[in-house]
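Working notes for the structure below.
The values are calculated or read from the model by the stated rules, or taken from the named source; none is laboratory data. Just so it is clear, the model here is predicted, and its values are computed rather than measured. Neighbour counts run over all protein chains shown; Cβ positions are idealised from the backbone, glycine included.
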Amino acid sequence: MSKAAEIDIVSVSKIYGSTTAVHEISLKIPAGTYCCLLGPSGCGKTSTLRMIAGHESISTGDIRLGNSVITDLPPARRGTAMMFQSYALFPHLDLVDNVAFSLKMKGVEKDERRAKAMDMLRLMQLEAYATRRPAQLSGGQQQRVALARALITDPEALLLDEPLSALDPFLKIRMRAELKKLQTSLGITFVHVTHSQEEAMALADIIVIMNDGRIEQAAHPRVVFEKPATAFVAKFMGDHNVISGRVTKSEGDELMISVPAGGDFLAIGAEAAGLTDTADIAVRTDHVRVAPAAEKGLGFTGSVSNVEYRGSSVKLTVNGAGVEDFTAILSDKDFFANPVKVGDAIPLSWEREDALVLGRLKH
Ligand SMILES: Nc1ncnc2c1ncn2[C@@H]1O[C@H](COP(=O)(O)OP(=O)(O)OP(=O)(O)O)[C@@H](O)[C@H]1O
């Protein structure tokens, strides 16, 4: 296998006619990283991946792989390989010929390319199926053939477009673990497009959250979860309540907002200093307690609108203080020690460090 390479995306845009699908994004993906591009449908993930692969031209900006600028190189000369959502296997060829295909295109002589294809099939634990055709394999096995076919070119970076989406939920989780193991053992850079938060959290060293052609945050999953950079990230990743209001006090990293026709809420964060007009704050759903607030701005009293039992936890939805559909996730133990029902008025509160000031993207 060849060495991993850093991918450096510098002010890259993608414009299709009158649609700007990607707006001047910049991103460094360190060599050997498992990177997930995550976001809702139409946010520009696939366009970004296809520009790295060379299947889509770059409207403005540059992409580097290791020390080379690959912006204008054809896909086969970039040092990248792409695995497609549909796997794109040839139905009439057996596995060896499917896997060896790109070497045949490069003019590699038959014995050599078949030997290399067998090595790849062995790596994917598919050597016993070498003479089968794709239709004679399960979904998970087909996915491994597609991986073998992409990896036979010794890429410095493997690009995967929704690689798990065709699999049933059980297989999805198994293949997810296999992808991670493969990336760790090969040590090459993986860039994986997904719209699943759970998939990205499970796999990535870096999650890149995209919205409307822009990067909202690029960070380790734990950072994204604990310190969402923007209201979009906090809402998209879930597990946070986002409260928006008018700034009434901003001192150092502390901020107080007032919700229209509602309560006042306190939050902390370095972004506080720059916000003078309106601001968004995030409150962790799993750190909310059913108890009066110890300090002004760290809670409110509301009416329970929904109670959802989830096994180890219970999800409460509460409206009050000008805030709608505020979520509190309680452990089953805490909930059943003091159960509440729809229509009850309850106090909710949290600690200072559980309310964060969110930043805003500069457009
Ligand atoms: N060939 C094209 N011509 C015109 N517009 C396009 C083309 N490909 C994509 N777009 C538009 O660019 C935007 C981004 O599309 P893209 O496929 O990159 O998003 P995505 O995040 O991968 O979405 P999905 O998860 O649905 O695949 C969308 O508005 C889409 O309609």
Legend entry - Scope segment 333-358; condition of a type outside the set (A, V, I, L, M) and under 29 Å from the mean Cα position of the chain (by Cα); matching residues: W350, E351, R352, E353, D354
Inset, instruction - Scan segment 32-47 and give yes if some residue there is away from the ligand (no atom under 11 Å from the Cβ), at pLDDT 95 or above, in the same structural domain as L123 (by TED's automatic domain parsing) and over 18 Å from the mean Cα position of the chain (by Cα), otherwise no. - result: no
Inset, instruction - Provide a single number: the residues in segment 244-280 that are over 12 Å from R352 (Cα atoms), assigned to a strand (DSSP E or B) and either touching a Gly at 6+ places or on another chain (Cβ under 6 Å) or β-branched (V, I, T) (or both). - result: 6
Inset, instruction - State which residue pairs qualify: first residue farther than 20 Å from K296 by Cα and inside segment 335-358, second residue assigned to a loop (DSSP other than H, G, I, E, B) and modelled with pLDDT of 95 or more in any location, beta carbons under 9 Å apart, and separation of 6 or more residues or different chains. - result: F335/V290; N338/V290; V340/V290
Legend entry - strands (runs of 3 or more DSSP E) completely within segment 19-76 that count 1 or more residues being in contact (Cβ under 8 Å) with a residue 40 or more places away in the chain, basic (K, R) and crowded, with 16+ Cβ neighbours inside 10 Å: 60-65
Legend entry - Residue count, segment 53-69 (criterion: farther than 20 Å from V193 by Cβ and either of a type in the set (A, V, I, L, M, F, W, C) or within 15 Å of the ligand (Cβ to nearest atom) (or both)): 1
Inset, instruction - Out of the residues in segment 16-31 that are in contact with a strand residue (DSSP E or B) (Cβ under 7 Å, 6 or more places away or on another chain) and farther than 20 Å from P228 by Cα, state the one that is farthest from the ligand (Cβ to nearest atom). - result: A31
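Every residue, every condition in (1) outside the structural domain of E24 (by TED's automatic domain parsing); (2) polar (S, T, N, Q); (3) in contact with a strand residue (DSSP E or B) (Cβ under 6 Å, 6 or more places away or on another chain), yes or no:
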{"position": "G299", "(1), (2), (3)": "yes, no, yes"}
{"position": "K315", "(1), (2), (3)": "yes, no, yes"}
{"position": "N319", "(1), (2), (3)": "yes, yes, yes"}
{"position": "E324", "(1), (2), (3)": "yes, no, no"}
Inset, instruction - With respect to G269, determine if the residue is in the same structural domain as E351 (by TED's automatic domain parsing) and in contact with a Leu (Cβ under 6 Å, 6 or more places away or on another chain). - result: yes
Legend entry - Filter result (under 26 Å from L137 (Cβ atoms) and under 24 Å from the mean Cα position of the chain (by Cα)) within segment 48-87: L49, A53, H55, T80, A81, M82, M83, F84, Q85, S86, Y87
Inset, instruction - Working carefully through the options G274, G263, find the one that is more than 20 Å from K227 (Cα to Cα) and either in contact (Cβ under 8 Å) with a residue 40 or more places away in the chain or under 28 Å from the mean Cα position of the chain (by Cα) (or both). - result: G263
